[in-house]
Amino acid sequence: MSQTYLFDIPPTPGVPVKGETAQYPVSRIFCVGRNYAAHAAEMGFEVDREAPFYFTKPATAITPTGSTIPYPPGTENCHFEMELVIAIGVPVFKADLAEAEKAVYGYATGIDLTRRDLQLAAREKGRPWDFGKAFENSAIIAEITRAGDYAELGPQKIWLKVGNETKQDATLVELIWKVPEIVSHLSGFYHLAPGDLIYTGTPAGVGPIKPGDVITGGIDGLAPLSLTIGPAE
Ligand code: MN
């Protein structure tokens, strides 16, 4: 007899994959903090190479490109953060750089929406970042491109516009921690597996969103992303 549940089983969020009808199922979302020097500087930090650090979002934060979302609750300063997203495709634990590279299923463009006021208040008090980072509709993502169908990472531009105004404009070569380094490092702390996404951090130029904004973003060679901000609920 199969297990029964008292309530409907919550759905597993899925992300479309280029050339596939089946979707990539999302289980965990890891996010790298301060992975571009210019963004770290605008947040008041000098970046060192000591070790990357992370925060997480629930899988339920996944929101597909093209969505209109309500302005998030509990904040008066919600920011966009345009990011390269890694999708893991092979189970790895304590991976070296070569194993880490092979564990990457694909890449996507994403936005790490951040309730900056709540994040900074938490940071000042030494409290967790969850309220600032892990909330509904906070992980926007576009279609995944398989790693084998993508060029070597480096010169690709990563950008974000609010309306017609360019807010973020950088290249992936500016990533402090490169993709294999991130996957290798994180796999020392977690058994990474298919379903795990890693948002790799944002370049400089982060800023606030407001109701009525149409946000577009992209990374050369990957499916672009759009997001419309509706009124608060
Ligand atoms: Mn971020």
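Quick notes on this structure:
- Counting only residues that are within 16 Å of the ligand (Cβ to nearest atom) and either open to solvent by 60 Å² or more (accessible area, probe 1.4 Å) or outside any strand (DSSP E or B) (or both), segment 193-221 holds 9 of them.
- Residues of segment 18-32 that turn out to be surrounded by fewer than 19 Cβ atoms within 10 Å (Cβ to Cβ) and either not basic (K, R) or not in a loop (DSSP other than H, G, I, E, B) (or both), as a count: 8
- Taking the criterion of being of a type in the set (D, E, K, R) and within 16 Å of the ligand (Cβ to nearest atom), no residue of segment 176-192 qualifies.
- Among residues of segment 89-103 that are closer than 14 Å to L197 by Cα, those with a Cβ under 6 angstrom from a residue that is among the charged types (D, E, K, R) and surrounded by fewer than 20 Cβ atoms within 10 Å (Cβ to Cβ), sequence gap 6+ or separate chain, pair up as V92/E99.
- For L6: the one exception among (1) in a loop (DSSP other than H, G, I, E, B); (2) modelled with pLDDT under 95; (3) more than 19 Å from the chain's Cα centre (by Cα): (2)
- Among residues of segment 44-73 that are under 26 Å from T12 (Cα atoms), those with a Cβ under 7 angstrom from a residue that is of a type in the set (F, W, Y) and crowded, with 17+ Cβ neighbours inside 10 Å, sequence gap 6+ or separate chain, pair up as Y54/F30; F55/W129; T56/F30; A61/F135; P72/F135.
- Total residues in segment 222-232, condition within 15 Å of the ligand (Cβ to nearest atom) and open to solvent by 10 Å² or more (accessible area, probe 1.4 Å): 0
- Hits in segment 46-69 (condition: part of a strand (DSSP E or B), under 15 Å from D130 (Cβ atoms) and open to solvent by less than 40 Å² (accessible area, probe 1.4 Å)): F55, K57
- Close pairs from segment 27-43: first farther than 19 Å from L197 by Cα and within 13 Å of the ligand (Cβ to nearest atom), partner of a type in the set (G, A, S) and open to solvent by 30 Å² or more (accessible area, probe 1.4 Å), Cβ under 6 Å, at least 6 apart: H39/A204; E42/A204
The values are calculated or read from the model by the stated rules, or taken from the named source; none is laboratory data. Being a predicted model, the structure only gives us computed values, none of them experimental. Neighbour counts run over all protein chains shown; Cβ positions are idealised from the backbone, glycine included. Areas reflect the complete protein model, heavy atoms only, side chains present, ligands, DNA and RNA absent. Shrake-Rupley method; radii C 1.70, N 1.55, O 1.52, S 1.80 Å.
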